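The values are calculated or read from the model by the stated rules, or taken from the named source; none is laboratory data. As the structure is a computational prediction, the values presented were derived from the model and not from experiment. Using ideal geometry, Cβ is built from the backbone for each residue, glycine included, and neighbour counts are taken over all protein chains shown.
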C-alpha cells in the first residue's frame, strides 16, 4: 500500500481485464482536455496581466480582492478582462501564457483585436471595472 503525499491525488476505481483495481488519478488528469483558458486583465494602472485558469469567473473574483488572487493585484486593481482564449489543456495554456508574456506592449494590444480573442462572449457586468 502506498502513502500519498498530495491531497490533489484522488482514488478512483479502474477496470482492467474484467477486474476492478484502485488507482490514483491526479486532479488535472480528471479534467477534460481543452478546458484551460489564457486571459489578460487590464489593471488600474493600464498595465496588462496575463494568466491561465479553468474558471475565468472564479479567477476574476479572486483577483478582485481575495487572498487567492495574484500578488500583481495587491498594488493595483483589476479593471477589465480584455482577452480570453480557450480550448487549451494545462500544458498548452502554460506555453501560450509564456509566449504572451514575452510580447511587447504594442504586440499585446494588437492581440486584443485578434480573432483568437473571445472576450466579447464574457463581456458585460461580470467583468466590469470594480
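Some observations on this one:
- Counting only strands (runs of 3 or more DSSP E) that fall entirely inside the stretch 11-120 and contain at least 2 residues that are surrounded by fewer than 12 Cβ atoms within 10 Å (Cβ to Cβ) and modelled with pLDDT under 95, the qualifying elements are 19-26.
- Filtered residue count, the stretch 72-101, keeping only those that are farther than 19 Å from residue 43 by Cβ and free of Cβ contacts under 8 Å to residues at least 40 places away in the same chain: 4
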